[in-house]
Each structure stands twice: as C-alpha cells, then as structure tokens.
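Trainee: Just dropping this structure here.
The values are calculated or read from the model by the stated rules, or taken from the named source; none is laboratory data. What you see is a predicted model, and the numbers here were worked out from it, not measured in a lab. Here the Cβ is made from the backbone with ideal geometry for all residues, glycine too, and neighbour counts use every protein chain on show.
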Amino acid sequence: MSDLEAYRAKAAAWCEAMVPTFGKAARKGLSVEEDLALGRRYQKAKFDAGYAGINWPTDVGGQGLGHLEKITFEGEEMKHGFPNVYFGISLGMPVPVLMQFGSDREFVRERVLKALQGEEIWCQLFSEPSGGTDLAGLRTRAETDGNGWKVNGQKVWTSWAQYSDYGVIVVRTDPTVAKHKGLTYFWVDMKAPGVTVRPIKLAGGDSHVNEVFFDDVKISDDHRMSPVGGGFGVAIATLMIERYVATDSAGFGPHLDLFVELAKDVQLNGKPAIEDGRIRQQIARNYAMRAGLDSINRRARLMMQAGMTPGPEGSLNKLVAVRSRQKLSELALDLQGNAGFAFDEHASPKDDWASSWINAPTGRIAGGSDETLLNTIAERILGLPQDHRPDKGIPFNQIPA
Amino acid sequence: MSILYDEGQEAIATESRRVLEARMDKDDLLPLLEATGEYHHGFWTTAKEQGWTALALPEAYGGLALGLVELGLIAHQAGRTLSGAPFLTSGFGAAKAIELYGTDAQRSRWLPGLASGETIGAVAFACGADALPQHPGVTLTGDRLDGRKIGVTGALAADVAVVLANGPGMPALAIVELDKVERVAVPSFDNSRCIADLHFDGTPAETLVVGSAAREAALHIIALQAVVTAHEQTGGAEALMEIARDYAVTRKAFGQPIGAFQSIKHRIAELYGLVELARANCTHAAAREGQSDFITAAAAARLSATDAYDTAARDCVQIHGGIGVTWEIGLHLHMRRARSLAIEQGSSLFWEDVLVDRLSGEAA
C-alpha cells in the first residue's frame with residue numbers, strides 16, 4: 001500500500017467513525033443554527049484529529065502535508081454529508097489569503113487557529129449589485145479618514161456573511177484611474193459599527209447568501225492586505241488559490257447510480273423505464289461524460305503525485321458537470337411524473353432530484369458562470385481574443401454608466 | 001486507474017506525429033474520394049515501416065508486445081492527419097481475434113504477416129445497425145461459409161477476414177481467406193476505407209470459436225477496435241478544434257477577428273471540452289485492457305469520441321462559413337471520416353445499449 005493509500009484508508013476510517021455524530025441522520029431535522037453549532041463541533045473534531053489545514057504550515061496550526069493528502073481526505077469526507085459547508089469559503093479563500101498577505105503575523109496565527117477549529121468564520125466580500133463577473137467594476141469605496149479608512153457601499157451574494165466574524169473585501173480607493181488599478185484589499189471586522197448583513201432567500205428556499213451594507217465603516221490602515229491600488233492582484237490570487245479541489249463529476253447533484261435505480265423502479269409504457277431508449281441514451285451519455293471528468297481528475301492527481309502541474313482541462317468539471325446535472329434532474333422528475341411533485345426544501349441536492357434541480361442554477365452561476373468559464377477556456381487555453389471591452393483603459397469615473 | 005504516459009509512450013506520440021505530418025497531405029487524400037478501392041499507399045507503407053502494424057501483437061509472431069495504449073497513441077496521430085487506410089484498425093482486430101481465440105497453427109499461419117503488414121486483415125461482424133447481429137447473414141457449415149456480409153471496412157484490400165457467422169445452431173467466428181471470395185466494391189462517402197460486400201459461396205473457412213463464447217469474443221474484439229478508433233476520432237476532433245481556432249483568430253468580420261464573438265469562441269471552447277473528455281476516456285479505456293470493466297470503459301470512450309468528432313466536424317465547417325463547404329479546403333474529409341468512424345465497430349446506438357446493460361446489471 002502506498003503512503004497515500006494508507007493515508008486514505010486512515011481518513012476513510014475516521015470519517016466512518018464520525019457518521020453517528022455528524023452524518024446525515026444526525027443532521028436531520030436540525031434548524032440552520034443547530035446545524036451550524038454541530039458544524040463547529042465537527043470542525044473542531046477535524047482539527048483535533050489532524051484533518052484541518054492539511055496542507056497548511058504547521059506554525060499556524062496546519063498539518064504541513066501536501067495538496068494530495070488534502071484532496072484525498074476531502075474525497076472521503078464528501079461521501080458522508082457532514083456539516084462542513086459553513087467553513088468551505090472561509091478556509092478555502094479568505095483565510096489562506098490572510099496567511100499569505102496579512103502583515104501582523106501574531107494576529108494572523110490567532111485568526112487561522114480559530115478558523116481551523118470552527119470558532120471563527122470568514123467571508124469574502126467581492127461581488128456587488130452592479131456586477132459579479134466584472135469584479136474590477138466594483139463601486140464600494142474607501143476614503144482616507146485620519147490615519148485609516150472609511151468604507152461605504154454594498155456587497156452581495158456573500159456566502160455565510162450572517163455567521164461571519166471577519167471578511168476580506170476589495171474596495172475602490174481611486175476612481176480617477178482605470179478600473180482595475182484603483183482597487184485596494186482589506187480585511188474587515190464583520191461586527192464593526194456600520195456593517196449590516198441581510199440574508200437573501202434563494203429560489204430553493206435556503207438563505208446562505210447575503211447583502212452586506214457598509215455605512216461609514218472605519219478601518220485602520222493595518223487592515224490593508226495589498227498596496228493602495230494593488231487590490232486587484234490580491235483578488236485574483238484569491239481566486240487562483242485552489243484550482244484543484246476535490247471535484248465531483250456529478251456536479252454536486254445525485255450520483256448516476258441513483259438515476260439508474262429510479263429508471264429500474266418506475267414504469268414507462270408498461271415496462272421498466274430502464275428499457276426505454278430515450279432513458280438509456282441519457283444514462284449512457286451522462287456516464288460517458290462523468291467517466292471523462294473522473295479520468296481527468298485522476299490524471300491530475302497522478303500528475304501532482306509525480307510533481308507535475310496538471311493540465312488546464314481540470315477547469316471543465318464545474319462547467320460540464322453542473323449543467324448536465326440540471327438536465328438529468330429534470331429528466332428524473334419527468335420519470336417520476338405526478339409522483340414527483342413532493343418537495344422538501346431541506347432535502348440534499350446530492351440525493352434528492354427536486355432539490356438538485358431547483359438548486360442547479362446557483363451552481364451554474366456561482367464561482368464563475370458557464371459563460372465566464374467558456375470565455376476563460378477560449379482566451380486562456382485556446383488563445384482566442386478577449387471580448388470587446390469599451391471600458392478598457394478609461395478612468396473608472398469616466399466609464400459611461 | 002488512468003495512466004500517465006511514460007517517456008517511451010510520449011516518444012511514440014511525438015515521433016508518429018512528426019512522421020505523419022511530414023508525409024500526409026490532404027491534397028493527396030482528396031482524389032481518393034473519387035476512386036473506389038484506392039487507399040493512400042504512403043500511409044500504409046509508413047505504418048509498416050514504423051512497426052505500427054506489429055505494435056500490439058506478441059513477440060513470438062513478429063510483434064512488439066506493446067499494447068492498446070501505444071496503438072491508441074498512433075491512432076490519435078493518424079486521426080489528426082486523416083489516416084489514408086483503415087487497415088491499422090481492421091488488421092489489429094483480425095490479428096487479436098486469431099491471437100486470442102485461434103490455435104497455434106492458425107496463429108503461426110496468420111500473425112507474422114499481419115504483424116509485418118504484408119497481410120491485410122478485416123473484421124466482418126455487423127449487419128446494418130446491429131454490430132453483433134443474432135442473425136449474422138452467413139452460415140458456417142463444417143468448413144464452408146455461405147451467405148453475404150455487407151459493408152466490410154478494408155475488405156477490398158484485405159487478404160483475410162474474421163467473420164461472425166451462424167454455426168450449426170449457435171454463433172461462430174471463422175477465419176476466411178479472401179482471395180477467392182467475390183467482393184463487390186461499395187462506392188462510399190469515404191472511399192479510402194476500401195469497403196466491400198463479401199459474397200461467400202461454399203467458401204473454405206476455419207472455425208475460431210463457436211457457441212456463446214463466440215459472441216463474447218466478438219464483443220471483446222470490437223471493443224478493442226473501438227478503443228483504437230476512439231483515439232483516432234479524438235485525434236480528428238482535436239485537429240478540427242485547432243483548425244477552427246486558427247481560422248477564428250485570423251479571419252476578420254466587422255473589424256475584428258471572428259474569434260472575438262462569443263458565438264464563435266464559445267463554440268470552440270465547447271469543442272475543447274468534448275476533446276478533453278474523449279481523450280481522458282480513451283486513455284483510461286486503453287489502460288483497462290484485460291480488466292473486468294474494460295467493455296464499460298471502451299463504451300464510454302467510444303461514445304465521447306464519436307460525439308467529439310461529429311460535433312467538431314459540424315462546428316468547424318460552420319465556423320468557416322462558405323469556404324468551409326468547398327471541396328478544396330478539405331474539411332469534408334473530416335466530416336466524411338467522422339461518420340465512417342462513427343459507424344465502424346458499432347455506432348453510438350450500439351454502444352449505448354452495451355453500456356446501459358452493464359450499468360443496470362443486465363449484462364453481468
């Protein structure tokens with residue numbers, strides 16, 4: 001058994017042992033607040049067992065292991081539906097950026113340790129009402145105020161802001177230069193006066209995203225994590241941190257096995273739906289697509305193991321998997337017919353077709369819309385030209401609204 | 001487990017690409033479309049010279065004892081440059097059938113010639129849309145074959161064929177020498193595939209395998225061939241994606257390269273996705289030869305590669321506009337090949353059923 005396989009076996013055993021306390025059955029019927037409290041205990045258990053910050057430096061409480069160990073653990077962890085979703089953004093982007101760019105190292109160490117143990121949560125304040133994809137077009141502004149700064153404006157789609165203690169934020173500090181040159185990156189205390197968080201209820205019924213308002217919020221200059229005007233670079237670094245996370249060729253929806261089971265169970269024209277050519281074709285096509293993504297992901301792991309950089313094809317996973325999950329979920333509802341009307345807004349998108357279907361659009365939009373991902377593939381991988389950008393090179397305050 | 005190519009395999013890919021790019025030219029392929037039964041001799045000579053015919057066959061019979069992974073790499077490159085003859089795949093299928101199911105005498109008789117490429121092989125299983133028909137259209141009685149096999153790729157040039165037949169009350173695979181068989185050329189939309197109908201009339205034949213094992217053997221052989229073909233399809237799709245990209249960055253309309261329009265750039269980005277999914281499935285399937293999930297992996301490779309090549313052919317021509325449909329530019333060579341490869345070794349309709357039977361436990 002290779003070292004990595006031994007690591008996987010150990011991780012799998014630990015995850016199994018956690019199921020009675022933190023698994024799907026234990027979470028059933030909990031309110032969001034109760035589930036979050038359970039999630040904090042789960043995160044602490046992970047930390048105590050050495051599965052938090054797996055590839056982070058040991059001096060901030062990490063395990064000092066590699067990326068491979070991290071995604072190996074995550075591959076096991078995601079099989080069980082543990083309450084870890086509240087910490088995904090926090091530990092995925094803002095906290096690693098704090099580690100990389102935070103200037104007060106003692107403060108950084110304290111925050112990272114608390115975040116790893118589930119005591120504190122960080123959010124990422126990037127998107128705004130005027131634009132998400134066009135990050136550099138943001139309007140929230142920070143003006144100098146004595147020795148520090150004063151922030152005014154609004155962010156939106158901020159995941160878990162309502163439970164966050166801190167956030168990282170990109171704001172405009174100079175509107176007289178081209179749009180991506182006038183941005184600066186800070187961290188903020190989410191409990192500071194002038195910060196208002198308002199949850200947004202989404203189509204599927206849950207409210208994990210928020211509007212966040214900043215009204216004369218004062219922050220000192222030691223919150224700054226980039227040079228003044230150098231915020232865009234740090235923001236891009238945030239987005240590039242984890243190109244290879246544990247991916248899911250089911251697009252974070254139900255596994256294809258569940259569709260096959262459904263097709264065997266239900267009748268279509270007096271015979272099992274699994275014998276219907278239309279259903280068979282969709283099963284076959286979806287299997288081929290998912291098998292391709294799985295092979296891409298396995299190859300990426302092998303390349304990392306061999307010390308190589310995986311190819312850019314890893315960027316296909318979200319694009320291809322989520323939109324096909326959306327269609328397959330529609331077909332699964334068709335297969336159930338009027339027996340499929342029942343809806344449980346607390347059901348998991350990973351094993352419930354209606355939940356998978358109604359939440360699929362979020363997956364196709366959040367973290368880079370399908371269209372943005374296609375642009376990225378076309379421009380970065382294939383060398384096709386950028387779109388026409390009339391605001392290019394123009395000072396921000398002169399861009400026509 | 002998917003594999004990473006080792007240095008030797010990378011070298012096979014690089015060298016075969018170099019050789020084929022130097023020797024293959026679409027201007028030599030265009031006239032072949034208008035001459036039934038002609039193939040590109042330069043391509044076939046190259047395949048023999050380079051040892052590609054011997055690649056995946058045992059050393060004892062003049063082979064190089066490499067496998068599906070290496071042959072797949074060659075096929076990928078052949079697909080990029082539009083291989084000039086179908087015999088690499090058809091001969092490989094015939095040779096594997098004889099190697100896996102034949103007697104020592106049959107192996108000694110046929111494999112050295114197939115490995116050197118001096119003997120050309122063909123596989124005759126299908127009947128219309130059914131790649132493995134229950135009623136194969138020919139009957140094996142003792143050591144005689146009667147009946148007709150239609151649309152056999154490579155048959156116009158082949159010396160030997162492995163045929164799926166009705167034995168006495170059960171399926172059988174038989175080896176048939178083709179020199180005395182009546183072959184009726186099929187003028188095809190992809191003429192260099194050398195397609196013919198074979199008419200057997202008391203033709204001498206040798207039995208390879210009979211009974212239910214014959215159907216399993218036949219499925220295994222076309223799965224092996226399908227993985228080779230899937231690599232070829234992926235290579236063709238990859239070449240078309242690059243051709244589309246190159247055109248989109250140079251051709252201008254409304255004062256900008258057409259590749260700046262999202263209707264064009266997204267189409268090409270989607271092709272990238274299809275090519276990479278097909279490539280990943282191909283690599284995986286080739287590495288699964290001999291494992292219990294090989295047929296499943298082969299089906300996935302076949303389905304995604306057929307989708308990639310067909311879509312790339314469709315979209316690459318569309319992105320070119322009017323020039324794309326001219327004879328001279330030759331994109332129709334890929335359109336034609338995409339379709340002939342989609343049919344050989346069983347169409348998507350066939351492989352979808354094979355795959356779903358396995359996923360739903362019906363074929364276990």
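Trainee: Would it be correct to say that B:Glu21 is of a type in the set (Asp, Glu) and over 20 Å from B:Tyr309 (Cβ atoms)? Give the steps one after another, and end with the answer.
Mentor: Details: of a type in the set (Asp, Glu): yes; over 20 Å from B:Tyr309 (Cβ atoms): no.
Criteria not met by B:Glu21.
Trainee: Let me ask another. May I ask you to list the residues in segment B:260-287 that are over 18 Å from the mean Cα position of the chain (by Cα) and of a type in the set (Lys, Arg)?
Mentor: B:Lys265, B:Arg267
Trainee: Could you tell me whether A:Leu328 is in a helix (DSSP H, G or I), modelled with pLDDT of 95 or more, more than 9 Å from chain B (Cβ to nearest Cβ) and within 29 Å of A:Thr72 (Cβ to Cβ)?
Mentor: The answer is yes for A:Leu328.
Trainee: May I ask you to list the residues in segment B:29-60 that are in contact with a Phe, Trp or Tyr (Cβ under 9 Å, 6 or more places away or on another chain) and farther than 21 Å from B:Ala158 by Cβ?
Mentor: Within segment B:29-60, B:Leu30 is the sole residue that qualifies.
Trainee: Output the number of residues of segment B:238-288 satisfying the condition of being within 30 Å of B:Arg358 (Cβ to Cβ) and either among the polar types (S, T, N, Q) or surrounded by fewer than 18 Cβ atoms within 10 Å (Cβ to Cβ) (or both).
Mentor: 2
Trainee: Which pairs have Cβ atoms under 8 Å, sit 6 or more apart or on different chains, and link a residue in segment A:260-272 that is assigned to a strand (DSSP E or B) to one that is exposed (fewer than 14 other Cβ atoms within 10 Å of the Cβ) and not polar (S, T, N, Q)?
Mentor: Once the first residue is assigned to a strand (DSSP E or B) and sits in segment A:260-272, its partners that are exposed (fewer than 14 other Cβ atoms within 10 Å of the Cβ) and not polar (S, T, N, Q) give A:Pro272/A:Asp265.
Trainee: Another question about this same structure. I'd like the full set of residues that are more than 13 Å from chain A (Cβ to nearest Cβ) and among the basic types (Lys, Arg), limited to segment B:299-331.
Mentor: The one that is more than 13 Å from chain A (Cβ to nearest Cβ) and among the basic types (Lys, Arg): B:Arg314.
Trainee: Output the residues belonging to segment A:162-215 that are part of a strand (DSSP E or B), among the basic types (Lys, Arg) and within 30 Å of A:Ile358 (Cα to Cα). If you could, list the steps in order and put the result at the bottom.
Mentor: Taking segment A:162-215 and keeping what is part of a strand (DSSP E or B), we get A:166-172, A:178, A:183-189, A:195-200, A:209-215.
Those left that are additionally among the basic types (Lys, Arg): A:172, A:198.
Within segment A:162-215, A:Arg198 is the sole residue that qualifies.
Trainee: Anything in segment B:244-286 that is among the aromatic types (Phe, Trp, Tyr), more than 7 Å from chain A (Cβ to nearest Cβ) and part of a helix (DSSP H, G or I)? List them, or say none. Reasoning before the result, please.
Mentor: From segment B:244-286, those among the aromatic types (Phe, Trp, Tyr) are B:247, B:254, B:261, B:272; that's our starting set.
Keeping just the survivors that are more than 7 Å from chain A (Cβ to nearest Cβ) gives B:247, B:254, B:261.
Once the filter is applied, which keeps residues that are among the aromatic types (Phe, Trp, Tyr), more than 7 Å from chain A (Cβ to nearest Cβ) and part of a helix (DSSP H, G or I), segment B:244-286 yields only B:Tyr247.
Trainee: Sticking with this structure for a sec: Using beta carbons and a limit of 6 Å, which pairs, at least six apart or on different chains, have the first residue in segment B:30-41 and closer than 10 Å to B:Ser192 by Cβ and the second one surrounded by fewer than 18 Cβ atoms within 10 Å (Cβ to Cβ) and among the aliphatic types (A, V, I, L, M)?
Mentor: Taking only residues 6 or more apart or on different chains, the pairs are B:Thr36/B:Ala185; B:Gly37/B:Ala185.
Trainee: Can you name every residue in segment A:287-308 that is surrounded by fewer than 21 Cβ atoms within 10 Å (Cβ to Cβ) and either at pLDDT 95 or above or in a loop (DSSP other than H, G, I, E, B) (or both)?
Mentor: If the condition is that a residue be surrounded by fewer than 21 Cβ atoms within 10 Å (Cβ to Cβ) and either at pLDDT 95 or above or in a loop (DSSP other than H, G, I, E, B) (or both), then A:Ala306, A:Gly307, A:Met308 are the ones that fit.
Trainee: Taking only segment B:76-110 into account, find how many residues are touching a Ser or Thr at 6+ places or on another chain (Cβ under 7 Å), among the small types (Gly, Ala, Ser) and in a helix (DSSP H, G or I).
Mentor: 3
Residue-wise test of (1) crowded, with 16+ Cβ neighbours inside 10 Å; (2) not hydrophobic (A, V, I, L, M, F, W, C).
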{"residue": "A:Leu138", "(1), (2)": "yes, no"}
{"residue": "A:Arg141", "(1), (2)": "yes, yes"}
{"residue": "A:Ala161", "(1), (2)": "yes, no"}
{"residue": "A:Thr176", "(1), (2)": "no, yes"}
{"residue": "A:Asp189", "(1), (2)": "no, yes"}
{"residue": "A:His223", "(1), (2)": "yes, yes"}
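Trainee: Take segment B:112-135 and flag every residue that is crowded, with 24+ Cβ neighbours inside 10 Å and without any contact (Cβ under 8 Å) to a residue 60 or more places away in the chain. So that I can check it myself, show each step before the final result.
Mentor: Pass one, segment B:112-135, residues crowded, with 24+ Cβ neighbours inside 10 Å: B:114-115, B:120-126.
Those that are crowded, with 24+ Cβ neighbours inside 10 Å and without any contact (Cβ under 8 Å) to a residue 60 or more places away in the chain: B:Ile120, B:Gly121, B:Ala122.
Trainee: Quick check, is A:Glu120 buried (at least 16 other Cβ atoms within 10 Å of the Cβ), under 29 Å from A:Thr140 (Cβ atoms) and not basic (Lys, Arg)? Walk me through it before giving the result.
Mentor: Values: buried (at least 16 other Cβ atoms within 10 Å of the Cβ): yes; under 29 Å from A:Thr140 (Cβ atoms): yes; not basic (Lys, Arg): yes.
In short, yes.
Trainee: Which one of these is within 16 Å of A:Val170 (Cα to Cα) and basic (Lys, Arg): A:Arg224, A:Arg198?
Mentor: Numbers: A:Arg198 fails: within 16 Å of A:Val170 (Cα to Cα).
The unique qualifying residue is A:Arg224.
Trainee: Moving on. Right, A:Pro349: part of a loop (DSSP other than H, G, I, E, B) and within 9 Å of chain B (Cβ to nearest Cβ) or not? Give the derivation first.
Mentor: Numbers: part of a loop (DSSP other than H, G, I, E, B): yes; within 9 Å of chain B (Cβ to nearest Cβ): no.
So A:Pro349 does not fit the description; no.
Trainee: For segment A:365-401, name all the residues that are away from chain B (no Cβ under 14 Å) and under 24 Å from A:Val156 (Cβ atoms). Explain how you work it out, then say what you get.
Mentor: Here is the first cut: in segment A:365-401, the ones away from chain B (no Cβ under 14 Å) are A:365-367, A:391, A:393-401.
Passing the criteria: A:Ile365, A:Ala366, A:Gly367, A:Asp391, A:Phe396, A:Asn397, A:Ile399, A:Pro400, A:Ala401.
Trainee: Collect the residues in segment A:309-320 that are within 11 Å of another protein chain (Cβ to nearest Cβ) and in a helix (DSSP H, G or I), keeping them in residue-number order. Give the steps one after another, and end with the answer.
Mentor: Here is the first cut: in segment A:309-320, the residues within 11 Å of another protein chain (Cβ to nearest Cβ) are A:310-317, A:319-320.
Across segment A:309-320, the qualifying residues are A:Pro312, A:Glu313, A:Gly314, A:Ser315, A:Leu316, A:Asn317, A:Leu319, A:Val320.
Trainee: Could you list, in sequence order, all residues of segment A:32-54 that are outside any helix (DSSP H, G or I) and more than 22 Å from the chain's Cα centre (by Cα)? Please lay out each step first, then the result.
Mentor: At the first step, the residues of segment A:32-54 found to be outside any helix (DSSP H, G or I) are A:50-54.
A:Gly50, the sole residue that qualifies.
Trainee: Here is a further query. If you check B:Gly235 against the conditions, is it assigned by TED's automatic domain parsing to the domain that holds B:Gly322, buried (at least 24 other Cβ atoms within 10 Å of the Cβ) and free of Cβ contacts under 8 Å to residues at least 40 places away in the same chain?
Mentor: Values: assigned by TED's automatic domain parsing to the domain that holds B:Gly322: yes; buried (at least 24 other Cβ atoms within 10 Å of the Cβ): yes; free of Cβ contacts under 8 Å to residues at least 40 places away in the same chain: no.
Considered against the rule, which asks whether it is assigned by TED's automatic domain parsing to the domain that holds B:Gly322, buried (at least 24 other Cβ atoms within 10 Å of the Cβ) and free of Cβ contacts under 8 Å to residues at least 40 places away in the same chain, B:Gly235 comes out as no.
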